[in-house]
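Here the structure is laid out as structure tokens; the discussion comes afterwards.
The values are calculated or read from the model by the stated rules, or taken from the named source; none is laboratory data. No experiment lies behind these values; they were computed from the predicted model shown. Methodologically, a virtual Cβ is constructed for each residue, glycine included, from the backbone with ideal geometry; neighbour enumeration extends over all protein chains shown. Heads up: the accessible areas ignore ligands, DNA and RNA and are worked out on the full protein's heavy atoms, side chains in. Shrake-Rupley method; radii C 1.70, N 1.55, O 1.52, S 1.80 Å.
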Amino acid sequence: MARWIKWALFLLLLFILASLGRVVYLYTEWLWFKEVGFTSVFWVTLLSKLKLALAFGIFFFILLYGNILIARRLAPKYVPTENEVVQLYRTVARPYFDLVLLVISLFFSLLVAGGAAEKWISYLRFLNQTPFGLSDPIFKRDIAFYVFSLPLLKYIWAWLLVSLIITTVVAVLVHWFDGAIRVRRYVQKFAPHVKAHLSVLCGLIFLVIAWGFQLNIYELLYSPRGAAFGAGYTDLHAQLPALRILIFMAVICAALFLINIYYRGWRLPLTGIALLLVTLFLVGIIYPAIVQQYRVSPNEIAKEKPYIELNIKYTRQAYNLDRIKEEEFPVSETLTLEDIRGNEPTIRNVRLWDWRPLKKTFSQIQEIRLYYSFRDVDIDRYKLNGDYRQVAISPRELVPEQLPETARTWINEHLVYTHGHGLVMNPVSTVTPEGLPDLLIKDIPPKSKVGIKVGRPEIYYGEVAGDYVVVKTKTLEFDYPKGDKNQYTTYKGSGGVPVGSPLGKMVFAWRFGSLKLLVSDAITSRSRVMYHRQIGERVRNIAPFLSYDKDPYLVISGGRLYWIQDAYTLTDMYPYSEPFGSGNYIRNSVKVVIDAYNGDVIFYIVDEKDPLVKTYARIFPTLFKPFKAMPSDLRSHIRYPEDLFMIQARMYATYHMRDPQVFYNKEDLWAVPKEIYEQSEQEMEPYYIIMRLPGHPEEEFILMLLFTPASKGNMIAWICAKCDMPNYGDLLVYKFPKQKLVYGPSQVEARIDQDPEISKQLTLWGQRGSSVIRSNLLVIPIEDSLLYVEPLYLQAEQTALPELTRVIIAHGDRVTMEESLEEALLVVFGGRAEARPEEKLTEEKLIEAAVEHFNKAIEYQREGNWAGYGEEIKKLEETLKMLKERT
């Protein structure tokens, strides 16, 4: 007995510690939700979880323990001795049996409660569902039933089935333990009351199975069996009748179990189960297979045609493909220099700087210290001195893990090195004489050559911000390096949760597992702790029911830095819609804006017609704001997200075919083309570009991608999405004439490789120990022609510093590689190309470049980076030579 008491006390202690840890976590989460202004979201989520956990947990406990009590009440008073071992076991365990059964019931109930709590969003969507206003074509139910109701009904069905099976198994064991079920020579004998008890439970199981067959009928709309996704001929003419027969058979089995209460033995219900299994095999499996093989397959297109039409219709609806406007693009090869000059804004924004080599270059020339990192480079557009320009922008974030090992102390990682600083910006199309990006915003603190000022450059919340930090402490925060010294600061914003009180110190010390938070003298009554600082984690913690784009991007607005994160509403329950991985319906209904300094988060609804986001707005009335509430400056920087665009493009590659016959034979199947990056082939990525679309009055910021016929290299069409207001989200597809050969990226790459001068130069660079990086090939529509542009970078083996060295241009049958875009255009189209004002190599610019290289060399010398020092001295010599030639 003493041993049992010790184990009980030990388990109780573990439970108390686990419960206390959970309470601390919930309390600190509530404080965090209070900081971001979404306490209502916290309480709605928590209370929904509690309601489900209590409802399902209590119901399961009543079901299980109630049947245990029934079994115990029905236990016979006298149990004949069957086996000495069994009898001994019953005699020894009997005093603890009721307690064990209670513990087992509570244990399973807690498991069930925990599982049910995870279905909180399904429960809330069910209660607050918004009609789609569209019905499925077979059962004529609103699509809301499939998206909001069916997932919860399927969970309830599975829960009931498992609960009844567990209850039945436990009831059998209790009856056996009490001697109400006896086994003699492999023959089981049941007391009459036991048989009645178990018959009722088994009858309920088969009623639930019958309900499951009914739900399977609705799931036929997601069948992958036919020529297209969704219910096909076999599903509706064979599987559907089979499921209805199986419903009837399952109900008969349930009835036989209840009738069997008044008969001896189990022959009657077992016969019913056998008939159900035979029916399942013959009618549910064999018959549909025969229909598919011998009635559908010999004439599949005729049988499946109406269902293919449904698949095309509903897939186009689910991905917004029915909104795409198609136009013809009559390709000619008559582009002239006059046309080039007439499209000067497009040419001025040709993206010569690919984000991959640009990221390496930023890391080499602007990271400044080891603990800074440029995680990503994003493409956006800004008004620069009155011109609409496409720029690359990359935030400089701080990674404490990159501090020297000796400097990785608790104070440094959590109190001192708390934030990143500033960003780098450059036009995507301009290059310095040294082949480097022309930085418009650079250095620490940020220095701007244009009208964009960054008055609040600190980045406390970002893509790589990880562990918690404590601000407003007695310890000054590192702000930025300044020569041989460091500049320090104190946080002046409103971000973070107050941590200065004794209670605050205790709970956060517990949460983060650090006693230093509790005993540190640096923490004052004004101190605040920042956590959930990584923006992906931050938005998911608030709204985990949304899906998020993999590429948030930084925006400068009013001198402050903001992150814009695209969010999607997603479901895999849209009838007849072809799946794309984790779903078969998607909308970019929400844009999230996060302040990089304060951490404020605002969710804006940009697609008010989406029934899913309407449902979420009903559930969380205070979570979302209308799109019109977004400041106009931020609205001017929203982009059509690449993830959604790629999903739509891949779907459109198949679902532009609306004729069932053409669709079935895949006669006009398209594909995303291949291209060469560095020296390897890869699938082409969509790219942002500023250009004037055919027939449109002015340039705009768009996202575009090319199409080729499947298994062929020539181009067949291109798709674009508009990013500028008021036409944001408009999708257009321009089709090329099918009777005309339009070179695709792989064919242009092959022509470049076959050019003897270009091939010779590439080989020569490779022999000199430099790495040649061939960037992604850009196809730029101008007037009714296409211009192919491929930037080329050189990277020395000893430094990861790509330099833009050449630009390759192709048009018609002409291919050339020159030192600049202007020179290449001059060679291809003839005439005199005007140099851009920002690219004229004036003496003033050369002097600025020389000073920059000198300062960089001195900085590398102080850091002991002799390779970088030598590289900068070499560039300084080249710049001085150019300056000497000008004087």
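Among the residues of region 623-669, those identified as over 24 Å from the mean Cα position of the chain (by Cα) and either under 30 Å from L47 (Cβ atoms) or crowded, with 19+ Cβ neighbours inside 10 Å (or both) are A629, H656, M657, P660, F663. Screening M715 against (1) closer than 17 Å to V331 by Cβ; (2) assigned to a loop (DSSP other than H, G, I, E, B); (3) touching a residue at least 24 places away in the same chain (Cβ under 8 Å); (4) open to solvent by 10 Å² or more (accessible area, probe 1.4 Å) leaves a single unmet condition, (4). When only residues in region 763-777 that are over 35 Å from the mean Cα position of the chain (by Cα) and either among the polar types (S, T, N, Q) or closer than 20 Å to Q682 by Cα (or both) count, which is surrounded by the most Cβ atoms within 10 Å (Cβ to Cβ)? Within region 763-777, the match that is surrounded by the most Cβ atoms within 10 Å (Cβ to Cβ) is S770.
When A250 is tested against (1) over 35 Å from the mean Cα position of the chain (by Cα); (2) open to solvent by 20 Å² or more (accessible area, probe 1.4 Å), exactly one condition is not met: (2).
Just one residue in the set V416, V424, V469 is under 30 Å from L352 (Cβ atoms) and either in contact with an Asp or Glu (Cβ under 7 Å, 6 or more places away or on another chain) or open to solvent by less than 20 Å² (accessible area, probe 1.4 Å) (or both); that residue is V424.
Checked against (1) at pLDDT 95 or above; (2) closer than 23 Å to L173 by Cβ, A242 passes all but a single condition, namely (2).
Out of the residues in region 743-753 meeting the condition of being of a type outside the set (G, A, S) and surrounded by fewer than 20 Cβ atoms within 10 Å (Cβ to Cβ), tell me which one is nearest to S775 (Cα to Cα). Give the derivation first.
First, pick out the residues of region 743-753 that are of a type outside the set (G, A, S): 743, 745, 747-749, 751-753.
The next check asks that each one be surrounded by fewer than 20 Cβ atoms within 10 Å (Cβ to Cβ); those that pass are 747, 751, 753.
On the way: Q747: 16, R751: 16, D753: 14 Å.
Top of the filtered list is D753.
Within region 738-779, the set of residues being modelled with pLDDT of 90 or more, over 16 Å from P709 (Cβ atoms) and among the hydroxyl-bearing types (S, T, Y) is empty.
Residues are listed down the side, and each one gets a yes or a no for (1) among the charged types (D, E, K, R); (2) closer than 30 Å to S394 by Cβ; (3) over 15 Å from the mean Cα position of the chain (by Cα):
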residue	(1), (2), (3)
L517	no, no, yes
T524	no, no, yes
H532	no, yes, yes
V555	no, yes, yes
G581	no, yes, no
N584	no, no, no
V593	no, yes, yes
Y604	no, yes, yes
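L276 - would you say it is buried (at least 17 other Cβ atoms within 10 Å of the Cβ) and either acidic (D, E) or in a loop (DSSP other than H, G, I, E, B) (or both)? Considered against the rule, which asks whether it is buried (at least 17 other Cβ atoms within 10 Å of the Cβ) and either acidic (D, E) or in a loop (DSSP other than H, G, I, E, B) (or both), L276 comes out as no.
Beta carbons closer than 6 Å, at least 6 apart along the sequence or on distinct chains, pair a first residue in region 132-159 that is under 18 Å from V613 (Cβ atoms) and touching a residue at least 60 places away in the same chain (Cβ under 8 Å) with a second that is assigned to a helix (DSSP H, G or I) and open to solvent by less than 40 Å² (accessible area, probe 1.4 Å) for F132/I143; F132/A144; F132/P611; L134/I143; P151/S122. Looking across L102, L31, one residue alone is within 27 Å of A196 (Cα to Cα), within 46 Å of the chain's Cα centre (by Cα) and at pLDDT 70 or above. It is L102. Would you confirm whether any residue within region 561-578 is within 26 Å of V469 (Cα to Cα) and either surrounded by fewer than 22 Cβ atoms within 10 Å (Cβ to Cβ) or of a type in the set (F, W, Y) (or both)? Scanning region 561-578, I find at least one residue that is within 26 Å of V469 (Cα to Cα) and either surrounded by fewer than 22 Cβ atoms within 10 Å (Cβ to Cβ) or of a type in the set (F, W, Y) (or both), so the answer is yes. Of all the numbered requirements in (1) in contact with a Leu (Cβ under 7 Å, 6 or more places away or on another chain); (2) of a type outside the set (D, E, K, R); (3) open to solvent by 70 Å² or more (accessible area, probe 1.4 Å), T490 misses one, and that requirement is (3).
Is there a residue in region 319-341 that is part of a loop (DSSP other than H, G, I, E, B), more than 30 Å from L221 (Cα to Cα) and acidic (D, E)? Looking through region 319-341, at least one residue is part of a loop (DSSP other than H, G, I, E, B), more than 30 Å from L221 (Cα to Cα) and acidic (D, E).
For region 670-698, the tally of residues that are open to solvent by 40 Å² or more (accessible area, probe 1.4 Å), part of a loop (DSSP other than H, G, I, E, B) and closer than 21 Å to I379 by Cα stands at 4.
This table checks each residue for (1) under 18 Å from Y568 (Cβ atoms); (2) without any contact (Cβ under 8 Å) to a residue 12 or more places away in the chain.
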residue: A596; (1), (2): no, no
residue: D600; (1), (2): no, no
residue: I605; (1), (2): yes, no
residue: K609; (1), (2): yes, yes
residue: R618; (1), (2): no, no
residue: P621; (1), (2): no, no
residue: K628; (1), (2): no, yes
residue: D633; (1), (2): no, no
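Of all residues in region 140-173 being out of contact with any Phe, Trp or Tyr (no Cβ under 7 Å at 6 or more places or on another chain) and not in a helix (DSSP H, G or I), which is nearest to E118 (Cα to Cα)? Result: R141.
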